[in-house]
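Student: Please read through the structure below; I'll follow up with questions.
The values are calculated or read from the model by the stated rules, or taken from the named source; none is laboratory data. Predicted, not measured: the structure shown is a model, and the values here were computed from it. Here the Cβ positions follow ideal geometry from the backbone for every residue, glycine too, while neighbour counts run over all protein chains shown. The protein model used for the area step is the full one, side chains on, heavy atoms only, and it has no ligands, DNA or RNA in it. Shrake-Rupley method; radii C 1.70, N 1.55, O 1.52, S 1.80 Å.
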Amino acid sequence: DADFGPYRAIWWARAADEYRPAGAQYGGTVSALLGLALGRGSVEAAVVVRTDGRGRPRPFLARDPEEVASAAGSRYVAVPSLAALAEARRQGIGKVAVVGRPCQVQALRNWRGQEAEKDAWLPQAGLVIGLFCFWSLSGEVMNYLERRVEGPVLGMDIPPERVVVRTAQGEVSLPLAEIRPYIKPACQSCGDPTAEGADLSVGSTEADPQWNTLIVRTPRGQELVETAVAERRLELRPYPEERLPLLRTAVA
């Protein structure tokens, strides 16, 4: 597809309550799918992002569904999460799931292609989940937000034209213009906001915060989604036809 790239289906998706971690954002689709892939042994670990003791997002290698749950939630900072592949290598892990922004998905595919005819340095990517991303923020934004809200940032969301910062005292809504200076410059020329090289691509719906947009791209991604639905871990709804033009406009 000219806008969405290769795909088999587009759905609204959300995790069943018992498979949706407390910290999950929107429908919890990524957490539910990673938990299934780890639980059935199709991957040995998952490359994700988790906050450290200071509330800073860091690369993390999750080894089981409980560790995946501890990393639930969206971070809008450009975290070098592919660095966790080096840790997987050190631990002798042969097959991983990778969750990344579109640029990281592209980097992973390029890297795998270069290693194909040599002794592969990377663990095998048993599953690649791409996150919708229209831009990401430099790490300095966390310092700015902590000064702005006068305390640690526990989480954040970016609905249209504002930033919602979650703190121990509650939520603080800020104008989007305040964090625009922290957008990574390379993001302004990105041509792939929906991670076309992934097995599955996941984003918000911009309409219902309890659901995700899920783009199924490959047979491997489709098989995992079908298993999740069959085991009642994931619920799907047809993507609303009237919203497709809005998604195309956003991608364009």
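Student: Could you check the stretch 147-219 for strands (runs of 3 or more DSSP E) lying wholly inside it with 2 or more residues that are among the aliphatic types (A, V, I, L, M)?
Tutor: Passing ranges, in order: 162-167, 170-175, 200-204, 212-216.
Student: Still on this structure: Can you name every residue in the stretch 136-146 that is open to solvent by 30 Å² or more (accessible area, probe 1.4 Å), within 19 Å of Gln188 (Cα to Cα) and not in a loop (DSSP other than H, G, I, E, B)?
Tutor: Glu140 - this is the single residue of the stretch 136-146 that is open to solvent by 30 Å² or more (accessible area, probe 1.4 Å), within 19 Å of Gln188 (Cα to Cα) and not in a loop (DSSP other than H, G, I, E, B).
Student: Just to be sure I understand, how many residues within the stretch 126-174 are β-branched (Val, Ile, Thr) and closer than 13 Å to Arg56 by Cβ?
Tutor: 2
Student: Give the stretch 162-186 a look and list any residue that's hydrophobic (A, V, I, L, M, F, W, C) and open to solvent by less than 30 Å² (accessible area, probe 1.4 Å), or say none.
Tutor: Residues satisfying the conditions are Val163, Val164, Val165, Leu174, Leu176, Ile179, Ile183.
Student: I've got another one for you. Output the qualifying pairs, or none if there are none: Cβ atoms under 8 angstrom, residues six or more apart or on different chains, first residue in the stretch 49-64 and farther than 18 Å from Leu137 by Cα, second residue polar (S, T, N, Q).
Tutor: Pairs found: Phe60/Ser81; Leu61/Gln91; Ala62/Ser70.
Student: Take Val43 and tell me if it is open to solvent by less than 20 Å² (accessible area, probe 1.4 Å), touching a Ser or Thr at 6+ places or on another chain (Cβ under 7 Å) and farther than 20 Å from Glu206 by Cβ.
Tutor: no
Yes or no, residue by residue, for (1) touching a residue at least 12 places away in the same chain (Cβ under 8 Å); (2) in contact with a Pro (Cβ under 7 Å, 6 or more places away or on another chain); (3) under 21 Å from Gly139 (Cβ atoms); (4) assigned to a loop (DSSP other than H, G, I, E, B):
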site: Gly73; (1), (2), (3), (4): yes, no, yes, yes
site: Val79; (1), (2), (3), (4): yes, yes, yes, yes
site: Leu82; (1), (2), (3), (4): yes, no, yes, no
site: Ala86; (1), (2), (3), (4): no, no, yes, no
site: Arg89; (1), (2), (3), (4): yes, yes, no, no
site: Val96; (1), (2), (3), (4): yes, yes, no, no
site: Cys103; (1), (2), (3), (4): yes, no, yes, no
site: Leu108; (1), (2), (3), (4): yes, no, no, no
site: Trp111; (1), (2), (3), (4): no, no, no, no
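Student: If the requirement is being closer than 13 Å to Ala13 by Cβ, open to solvent by 20 Å² or more (accessible area, probe 1.4 Å) and in contact with a helix residue (DSSP H, G or I) (Cβ under 8 Å, 6 or more places away or on another chain), which of these qualifies: Glu235, Glu206, Glu226, Glu231?
Tutor: Only one candidate passes the filter, namely Glu235.
Student: Residue check: is Leu174 aliphatic (A, V, I, L, M) and under 30 Å from Gly39 (Cβ atoms)?
Tutor: No.
Student: For a quick check of your reading of the model, give me the residue pairs whose first member lies in the stretch 201-220 and is over 18 Å from Glu242 (Cα atoms), whose second is open to solvent by 10 Å² or more (accessible area, probe 1.4 Å) and among the aliphatic types (A, V, I, L, M), with beta-carbon atoms closer than 8 Å and at least 6 apart or on different chains.
Tutor: Final answer for the pair search is Ser201/Leu131; Val202/Val30; Val202/Leu131; Val216/Ala9; Val216/Ile10.
Student: Tally the residues that are open to solvent by 50 Å² or more (accessible area, probe 1.4 Å) and not polar (S, T, N, Q), restricting the search to the stretch 187-203.
Tutor: Going through the stretch 187-203 one residue at a time, the tally reaches 3.
Student: Of all the residues that make up the stretch 61-82, how many are closer than 19 Å to Ser42 by Cα and buried (at least 18 other Cβ atoms within 10 Å of the Cβ)?
Tutor: Total satisfying the criteria: 6.
Student: For the stretch 180-194, does any single residue satisfy the condition of being more than 25 Å from Glu242 (Cα to Cα), among the basic types (Lys, Arg) and within 19 Å of the chain's Cα centre (by Cα)?
Tutor: Within the stretch 180-194 (the criterion being more than 25 Å from Glu242 (Cα to Cα), among the basic types (Lys, Arg) and within 19 Å of the chain's Cα centre (by Cα)), the answer is yes, since at least one residue qualifies.
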